[in-house]
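All remarks here apply to the structure that follows.
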Amino acid sequence: MKIQSHIADLDTPTGVMRTYIHRPVIEGQYPTILFYSEIFQQTGPIERAAKLMASHGYVVLVPEVFHELNPIGTVLGYDDAGREKGNADKHTKDVQGYDSDNVALIAYATQQDWCNGHIGAMGFCIGGHLAFRAALQPEVKGTACFYATDLHTQVIPNAPSQHSMERLADIDGELLMIWGKQDNHVPKADLAKVYAELNATDITFTWHEFNAQHAFMRDEEDDGRYDGQTAQLGYQLALNLFSRTLR
């Protein structure tokens, strides 16, 4: 499907959150995907990924995940300076800010004529964790998490009992968890722990581990991590999830 793109600046309890919207040109009501970026916010690879999903008949909302900590429109570079700033923002933003962002995004989407009321979430890297965090909202019925960082740690600032893995009972929808076996951001023992904790619940989830490195979905990589064939498999798995949970 042909798509269109525009911007909405949403009010949240922690400030204005710029949100990039990609949706089909043909007017109608579509499922909505909350799409969470890496620490760099909406870079070229994130925008292309969001548009790819939108072209399959979804409205895709890409919020600036660190909107409280940067000027509106900030995009960090895939370089040392960008990584340093993005990681600093990750350590600074409180987890409850992500929750209020999710509430604002869902409230906005469900008030729009293009939304059919079905909400999903998707994200890469820290965005994979933020998509997992979005799954705590009862409206979110399907969530695709790509190599979600920090599910196994307390890196994201948390109030007591607020860590995402301590709130599995709040997840009502289906999860898709995708990982790279050669991902050095998530040690194998910790990955196994995340799997075991999910498997001990009644959550419906699918777990895929590919022979790939961290950020293998990023199609603007200069260090050899991007894997186009495996990325296509990842997109197909996400589309399969959303076709079952949001249609």
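Values as computed for the structure displayed
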{"item": "3J(HN,Hα) from dihedral phi, region 227-242, Karplus parametrisation 6.51/-1.76/1.60, rounded to Hz, x for glycine, proline", "result": "10, x, 5, 5, 4, 4, 4, x, 4, 5, 5, 5, 5, 4, 4, 5"}
{"item": "Sequence-distant residues sharing a close amide H with N116 (under 5 Å, placed H)", "result": "Y30, T32"}
{"item": "Residues E27, E220, E47 arranged by fewest to most Cβ contacts within 10 Å", "result": "E27, E220, E47"}
{"item": "Calculated FRET efficiency for the pair Q229/Q162, C-beta based, R₀ 45 Å, to 0.05", "result": "0.75"}
{"item": "Simple spin-label estimate for H208 and K188 in nanometres, 7 Å along Cα-Cβ", "result": "2.2"}
{"item": "Ratio Rg/Rh, restricted to region 149-247 and using Cα atoms, in which Rh is the Kirkwood radius", "result": "0.98"}
{"item": "Where labels lie 7 Å past Cα in the beta-carbon direction, separation of D11 and D99 in nm", "result": "2.2"}
{"item": "Region 70-189 - Debye-derived log10 I(q)/I(0), Cα point model, q = 0.14, 0.17, 0.19, 0.22 Å⁻¹", "result": "-0.66, -0.96, -1.16, -1.41"}
{"item": "Environment charge of P138, counting only residues whose C-beta is closer than 10 Å and scoring Lys/Arg +1, Asp/Glu -1", "result": "-2"}
{"item": "GNM result for the chain, Cα springs below 10 Å: residue of T14, T201, T230 fluctuating most strongly", "result": "T201"}
{"item": "Chain lengthening between Q4 and T110 when straightened (0.36 nm per residue, less Cα-Cα)", "result": "36.3 nm"}
{"item": "Distance between modelled label sites at D172 and D219, nm, 7 Å Cα→Cβ extension", "result": "3.5"}
{"item": "Descending semi-axes in whole angstrom, ellipsoid equivalent of region 1-97, from the Cα gyration tensor", "result": "25, 15, 10"}
{"item": "Among V65, V186, V194, residue whose mean-square fluctuation peaks in a GNM of the chain (springs only between Cα atoms under 10 Å)", "result": "V194"}
{"item": "Residue-wise HN-Hα coupling along region 66-82, computed from phi with Karplus coefficients 6.51, -1.76, 1.60 (Hz; x: Gly, Pro)", "result": "10, 4, 5, 10, 9, x, 4, x, 5, 10, 8, x, 7, 9, 4, 5, x"}
{"item": "Burial ordering of W179, W114, fewest other beta-carbon atoms within 10 Å first", "result": "W114, W179"}
{"item": "Computed helical MRE - 222 nm, the chain, DSSP H runs ≥ 4 contributing -39500 (n - 2.57), nearest 500", "result": "-10000 deg cm²/dmol"}
{"item": "Antiparallel DSSP beta bridges within the chain, percent to nearest 5", "result": "35"}
{"item": "Rh (Kirkwood; distinct C-alpha pairs) - the chain, Å", "result": "17.8"}
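Laboratory data are not the source of any read-out in this text; all were calculated from the coordinates shown. None of the values given here were measured: they were computed from a predicted structure. All Cβ positions, glycine included, derive from the backbone under ideal geometry; neighbour counts span all protein chains shown.
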